[in-house]
Amino acid sequence: MAIQMRRGAYSDFDPTKMVAGEWAIVTSGDPTTVTGRAVYHCFVAGQVEKIASYSDAAQIIINSIPETVDALTEAVEEAEEAREDAEEAREQKVITSATATVDANIGTPSVDVSLGQPSALGRAISFVFHNLKGPKGDTVSVDPVTTTQIDTIVADGTVTDDLKALTGTGLTYLWGKLKLKFATLANGVVTVAQGGTGKATHTSNAVLTGNGTSAVNNVATADGALYATAANGAAQFGTLPVAQGGTGGTTAAAARSELSVPSTTDLGDVAGSIAYVESVTAKTNHAVGDYFMLGNVLMKATAAIATGETINASKATPATVQSQIDTLRDSVYREGPVDLNSISTTGFAYVYNASANLPVQNNGGMLITVTGGGGGTRIQAMVPLGRYQLFVRFFGSSVWSDWREL
């Protein structure tokens with residue numbers, strides 16, 4: 001890197017011709033220094049900074065002393081003036097004591113305020129109020145409240161007179177009326193109109209029921225359920241009737257009688273455990289082919305049965321009963337390999353692994369349930385025994401859907 005430096009008298013010094021990084025040594029004639037000598041350095045073309053020497057710095061400090069002394073002197077004088085002003089303000093504003101007097105004159109109210117002489121601690125202040133006493137006013141005659149007016153007030157009425165005095169006699173009369181008005185409260189009983197029950201005592205464990213504006217009723221507890229036989233009817237304890245959702249009886253026999261359910265004494269016995277009844281009234285409609293319970297016997301309707309119609313059943317031999325059971329079993333139970341597409345009867349079926357159209361193969365067999373829907377639709381749900389799986393498919397428009405695992 002080349003060394004760039006200029007030198008010569010100050011009269012020949014032209015800062016604009018210097019380039020970045022160049023030095024200029026003024027050997028004489030510099031007016032900014034005592035010796036006329038100076039050093040300049042160019043950081044950027046056209047921008048030159050003067051480099052002060054030790055003697056230059058010393059001279060600068062010496063030249064600035066008078067100005068600095070003047071500035072410090074002025075600041076001290078201003079601070080002293082501010083202190084004196086603050087002290088004077090404190091003496092003027094600090095109140096060391098205050099007094100006030102009021103004369104007994106009548107007239108236009110006024111007040112005199114006097115400030116004491118200031119001291120180092122502050123000053124005192126005094127107030128003298130004049131003419132605060134007003135002239136004597138006119139007297140007004142006030143009539144006492146009459147008993148009629150008290151009666152009106154107690155009866156929730158309104159008295160329009162603006163100015164009335166309640167004398168001792170009137171107060172006694174008012175208190176007597178109030179005691180009568182709230183006599184029930186005074187006796188410890190809150191009326192229904194006041195939000196109470198209207199009774200001082202109640203039957204132990206009784207149920208309270210409304211009674212309009214009169215005192216509430218106490219319905220004593222008893223065996224049975226609490227119910228009412230009609231809307232807004234009186235509540236009572238007793239055996240809950242069938243019409244109210246109960247059995248209508250307190251014993252099994254009474255309940256069966258109310259519900260028209262035959263008892264075991266009404267049933268015969270065939271082959272030890274197959275029971276029958278000769279007749280019973282149908283509780284609901286049954287279509288042809290419906291299965292239903294007749295007593296404790298599973299029956300199949302061979303003809304339509306209407307609600308209330310008497311159902312007659314003849315005694316069956318064990319062979320006949322077994323045949324009916326086999327027929328029912330065959331409609332819902334399959335023992336061998338089958339085509340699952342052929343199982344559409346509502347009920348349950350057990351099928352083997354070799355059956356057709358299974359969703360999965362399972363050596364333990366599968367349990368299938370079939371439910372029917374409207375329009376001839378069917379739903380098959382299958383659970384492989386011993387596995388935590390459930391498969392479902394649907395039958396509609398004469399076609400079975402694919403199995404779907406849930």
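Within the group ALA222, ALA282, ALA287, which residue is modelled with pLDDT of 65 or more, more than 30 Å from THR345 (Cβ to Cβ) and of a type in the set (A, V, I, L, M)? Spell out how you get there, then give the answer.
Numbers: ALA282 fails: more than 30 Å from THR345 (Cβ to Cβ); ALA287 fails: more than 30 Å from THR345 (Cβ to Cβ).
Only one candidate passes the filter, namely ALA222.
Being of a type in the set (Lys, Arg), more than 23 Å from THR213 (Cβ to Cβ) and out of contact with any strand residue (DSSP E or B) (no Cβ under 8 Å at 6 or more places or on another chain) is true for just one of LYS181, LYS136. Which residue is that? Explain how you work it out, then say what you get.
Values: LYS181 fails: more than 23 Å from THR213 (Cβ to Cβ).
Step by step, each of LYS181, LYS136 is checked, and only LYS136 is of a type in the set (Lys, Arg), more than 23 Å from THR213 (Cβ to Cβ) and out of contact with any strand residue (DSSP E or B) (no Cβ under 8 Å at 6 or more places or on another chain).
Residues checked against (1) out of contact with any Lys or Arg (no Cβ under 8 Å at 6 or more places or on another chain); (2) surrounded by fewer than 12 Cβ atoms within 10 Å (Cβ to Cβ); (3) in a strand (DSSP E or B):
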position: ARG6; (1), (2), (3): yes, no, yes
position: VAL19; (1), (2), (3): yes, yes, no
position: GLN59; (1), (2), (3): yes, no, no
position: ILE62; (1), (2), (3): yes, yes, no
position: ASP70; (1), (2), (3): yes, yes, no
position: VAL76; (1), (2), (3): yes, yes, no
position: GLU80; (1), (2), (3): yes, yes, no
position: ALA100; (1), (2), (3): yes, yes, yes
position: ALA104; (1), (2), (3): no, yes, no
Could you tell me which residue of the stretch 374-406 is modelled with the lowest pLDDT, considering only residues that are within 20 Å of TYR350 (Cβ to Cβ) and small (Gly, Ala, Ser)? GLY386
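How many residues are within 30 Å of GLU88 (Cα to Cα) and either in a strand (DSSP E or B) or small (Gly, Ala, Ser) (or both) when one looks only at the stretch 117-169? Write out each step before concluding.
Restricting attention to the stretch 117-169, the residues satisfying the condition of being within 30 Å of GLU88 (Cα to Cα) are 117-129.
Okay, now just the ones that are also either in a strand (DSSP E or B) or small (Gly, Ala, Ser) (or both), so 119-120, 122-129.
Adding up the residues that qualify gives 10.
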Among the residues that make up the stretch 86-98, is at least one of them over 30 Å from LYS181 (Cα atoms), exposed (fewer than 10 other Cβ atoms within 10 Å of the Cβ), at pLDDT below 80 and among the basic types (Lys, Arg)? no
Which condition number does LYS50 fail, the rest of (1) more than 30 Å from SER126 (Cα to Cα); (2) touching a Phe, Trp or Tyr at 6+ places or on another chain (Cβ under 6 Å); (3) surrounded by fewer than 13 Cβ atoms within 10 Å (Cβ to Cβ) being met? (3)
Assuming ASN205 fulfils every condition listed in (1) exposed (fewer than 12 other Cβ atoms within 10 Å of the Cβ); (2) modelled with pLDDT under 80 apart from one, which condition is it? (2)
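Restricting to the stretch 230-249, give me the number of residues that are surrounded by 12 or more Cβ atoms within 10 Å (Cβ to Cβ) and more than 39 Å from the chain's Cα centre (by Cα). If you could, list the steps in order and put the result at the bottom.
Filtering the stretch 230-249 for residues surrounded by 12 or more Cβ atoms within 10 Å (Cβ to Cβ) gives 235-242, 244, 246-249.
When the remaining residues are screened for being more than 39 Å from the chain's Cα centre (by Cα), the result is 236-242, 246-249.
Qualifying residue count for the region: 11.
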Lone qualifier among LEU240, LEU226, LEU208 - being assigned to a strand (DSSP E or B) and farther than 30 Å from PHE182 by Cβ: LEU226
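Inspect the stretch 134-146 for any residue being among the aliphatic types (A, V, I, L, M) and more than 59 Å from the chain's Cα centre (by Cα) and give the result as yes or no.
The initial filter retains those residues of the stretch 134-146 that are among the aliphatic types (A, V, I, L, M), namely 140, 142, 145.
Restricting the remaining residues to those that are more than 59 Å from the chain's Cα centre (by Cα) gives 140.
Yes, the stretch 134-146 contains at least one residue that is among the aliphatic types (A, V, I, L, M) and more than 59 Å from the chain's Cα centre (by Cα).
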Identify, by number, the condition in (1) at pLDDT below 75; (2) in the same structural domain as ASP162 (by TED's automatic domain parsing) that ASP151 doesn't meet. (1)
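The values are calculated or read from the model by the stated rules, or taken from the named source; none is laboratory data. Given the structure is predicted, the values throughout are model-derived calculations rather than measurements. With ideal geometry, Cβ positions are generated from the backbone for all residues, glycine too; neighbour counts draw on all protein chains shown.
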